[in-house]
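Colleague: Quick one: the structure is below, and I'll ask about it shortly.
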Amino acid sequence: MKWKKINFLLLTGGCFLLIFCTAEVAAHAQAETPVAINIVETPIRLVKVRAPTFETAHVSSKRQTLKATGNLEIQVKDLRQNKITPWKLLYQLTDFSNGKKYSATINLGKGTVRALGDESKITAMPHAVSVGANETGTLVTAHSAESSDYLYRVDKQAIDLTIPGNLPAGKFTGKQTVLLLNTPEVN
């Protein structure tokens, strides 16, 4: 019986020693190396977006059309390799709200696109759009093989906002979203 206990203890101790040695070997077999990533700006991006501003409205039972008091301006930077492929600007408008949502429609006349800093030739197709709440309209499709910086602008005289009647007095806010799309080349 003594030999069985001694054998058991020796066998158990040997297993623990073997596990400990194996764990030691495994720990010494590990290697750590750094993993690096590089994050760069996208080659085409929106630099600045200025929303149009509007005149003050009075409480009315009738629908009102408000004139803009400020321009819509969108600055684009294009550092792509293939600048012949056009890019697009899309426009969206949310409901206006003061705790309760109200639909509005914005009318944006044809804008203009110009190169900033030079007189590069630009190919552009601007569009007049009428966008209701949660709708999307295409403002412009453009490109230039020479230019990298663009300014798209709709003058305030070509912008208005139609709001429903029977709005209560107060401050209403909505959100415009401008999307810049890198249009893929079609072969």
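The values are calculated or read from the model by the stated rules, or taken from the named source; none is laboratory data. The shown structure was predicted, so the numbers you read here are calculated from the model rather than taken from an experiment. In case anyone asks, the SASA skips ligands and DNA or RNA and just uses the protein heavy atoms, side chains included. Shrake-Rupley method; radii C 1.70, N 1.55, O 1.52, S 1.80 Å.
Colleague: Can you give the relative contact order of the range 88-187 as a percent, counting alpha carbon pairs under 8 Å and 6+ residues apart?
Modeller: 42 percent
Colleague: Here is a further query. Let me cross-check THR138: its accessible surface, 1.4 Å probe, with only protein heavy atoms counted, in Å² to the nearest 10?
Modeller: 40 Å²
Colleague: Looking at this model, which pairs from LYS48/LYS171; LYS83/LYS156; LYS48/LYS156 are more than 20 angstrom apart at the alpha-carbon?
Modeller: Cα-Cα > 20 Å for LYS48/LYS171; LYS83/LYS156; rest within.
Colleague: On to the next question. Grab every C-alpha pair in the range 85-139, bin the distances at 10 angstrom width from 0 up to the longest one, and report whole percents.
Modeller: Taking every Cα pair in the range 85-139, the percentages come to 21, 39, 25, 13, 3.
Colleague: On the protein heavy atoms, probe 1.4 angstrom, tell me the percent of accessible surface of the range 38-175 carried by carbon and sulfur.
Modeller: Carbon and sulfur together cover 49 percent of it.
Colleague: Evaluated at 10 °C with a viscosity of 1.306 mPa s, what Stokes-Einstein diffusion coefficient in µm²/s does the range 91-187 have when Rh comes from the Kirkwood expression over alpha-carbon pairs?
Modeller: Here the translational diffusion coefficient equals 103 µm²/s.
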